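Structure first, then comments.
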């Protein structure tokens with residue numbers, strides 16, 4: 001039994017634009033720890049002027065850091081190194097998982113690093129299991145650093161909810177670092193993805209094991225949703241719509257319980273095969289679909305193993321376009337084998353499909369993706385030490401410039417007004433204009449006006 005556990009999200013100004021996203025992974029861990037400690041606190045440094053050491057108590061004997069992003073590493077190390085060596089300090093998260101040796105070497109006060117999912121590892125630790133017996137743990141054993149065997153990736157569990165009661169902050173949607181007053185929360189209903197897109201490594205652990213898709217039961221999902229105060233919920237699922245029969249049941253239970261919220265989810269285009277379920281989703285409060293399209297070129301879709309071509313994309317969007325749901329498309333600028341002229345087809349293609357919003361990202365290689373193999377097959381392409389991909393025909397700076405230009409081309413006055421109308425149809429606009437929140441209608445309209453003012457069309 002620990003006396004006092006402190007769980008810390010150690011990011012500050014570098015993640016300020018994502019400040020409205022709660023540290024859900026840390027809250028999952030806290031849910032486990034709270035059964036084995038007399039007192040527990042969660043600290044999100046994005047909302048604090050103090051440092052981690054300021055929250056230590058005389059009885060603090062466990063500190064957990066969530067290290068997910070490779071940003072401001074030196075500042076994070078300063079926070080971690082502020083913990084006295086007599087307090088058991090453990091790191092987890094994606095970046096910690098990818099480099100346990102580096103963190104244990106550079107932070108001599110760190111006792112252990114969790115590799116992969118942390119819930120079972122931290123429970124074994126809290127139960128008092130010897131460190132050398134805990135699968136998925138790297139730790140100091142007095143002779144150096146030992147890496148225990150990996151823990152297999154398990155299915156998501158119905159009974160494990162993140163502990164939102166420990167929050168010290170209200171997470172609200174922000175625009176240009178200004179709060180809208182609309183409380184926001186995150187939700188995890190499934191883990192993993194059954195698809196094998198070339199560029200994706202999110203569903204691989206550091207030793208290359210693919211995470212199979214697993215979903216919580218509709219009953220457990222809706223029970224947790226009923227406990228959430230926020231009116232706007234974003235799902236962390238890589239693909240919420242993998243099992244559309246399950247989605248249908250979730251919608252039915254939401255309607256039966258009378259839960260009135262708005263939801264944002266990641267979806268595959270194949271959702272269009274079930275227009276009956278889409279109708280139920282609209283009734284249940286689903287307001288926005290985030291869809292990975294990636295390219296307007298068939299050759300790229302094939303090399304990326306997307307599982308569809310432009311003809312199928314057009315066919316599916318014929319079903320989706322007339323809905324009240326906001327349609328958001330992910331595209332990659334700088335795909336291997338695409339000319340500048342082909343990249344410029346993104347905007348007209350997005351308009352043809354009827355997308356309301358788009359996200360334009362640069363192609364980046366990461367551990368266990370197959371992009372390095374694709375680059376090897378194209379001798380004029382290269383990968384930087386940080387994973388960015390460029391070619392003899394288009395440098396990284398040129399790709400960035402093209403991305404900015406494509407974004408300006410897409411977000412015209414007409415497009416912004418379209419977004420506003422879709423927000424009205426989906427019910428999102430009513431949410432932001434609600435008198436229950438701190439910012440009235442003039443805030444929303446001022447943001448739109450600001451965007452329109454910079455556009456001459």
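No lab work stands behind these numbers, since they all come straight from the coordinates. It should be emphasised that the depicted structure is a prediction, and the values quoted were computed from it without experimental measurement. Quick reminder, even Gly has a Cβ in these numbers, built from the backbone with ideal geometry, and neighbours come from all protein chains shown.
Miscellaneous remarks
- Cα-based helix-to-principal-axis angle, 275-284 vs the chain, degrees rounded to 10: 60 degrees
- Here the residues 186, 1, 129, 76, ranked from fewest to most Cβ neighbours within 10 Å of their Cβ, fall in the order 1, 129, 186, 76.
- Spacing of the modelled spin labels on residue 302 and residue 386, each 7 Å from Cα toward Cβ, amounts to 3.4 nm.
- Each Cα pair under 8 Å and six or more residues apart adds its sequence gap; the mean of these over the residue count of the range 4-147 is a relative contact order of 22 percent.
- At 0.890 mPa s and 25 °C, Stokes diffusion of the range 170-451 via Kirkwood alpha-carbon radius, µm² per second: 121 µm²/s
- Look at 147, 328 and count the other Cβ atoms within 10 Å of each Cβ; fewest to most, that gives 147, 328.
- The helix-only estimate of mean residue ellipticity at 222 nm for the chain, built from DSSP H runs of length n ≥ 4 each weighted as -39500 (n - 2.57), is -9500 deg cm²/dmol after division by the residue total.
- Summarising the strand pairing of the range 4-147, around 25 percent of its internal DSSP beta bridges are antiparallel.
- Inverse mean reciprocal Cα-Cα distance (Kirkwood Rh) of the range 1-97, Å: 13.5 Å
- Relative contact order [Cα under 8 Å, 6+ residues apart], the chain, whole percent: 11 percent
- Counting only alpha carbon atoms, the long axis of helix 218-227 and the longest principal axis of the chain meet at about 80°.
- Rounded to 5, percent antiparallel among DSSP beta bridges of the chain: 30 percent
- Cα-based helix-to-principal-axis angle, 244-257 vs the chain, degrees rounded to 10: 80 degrees
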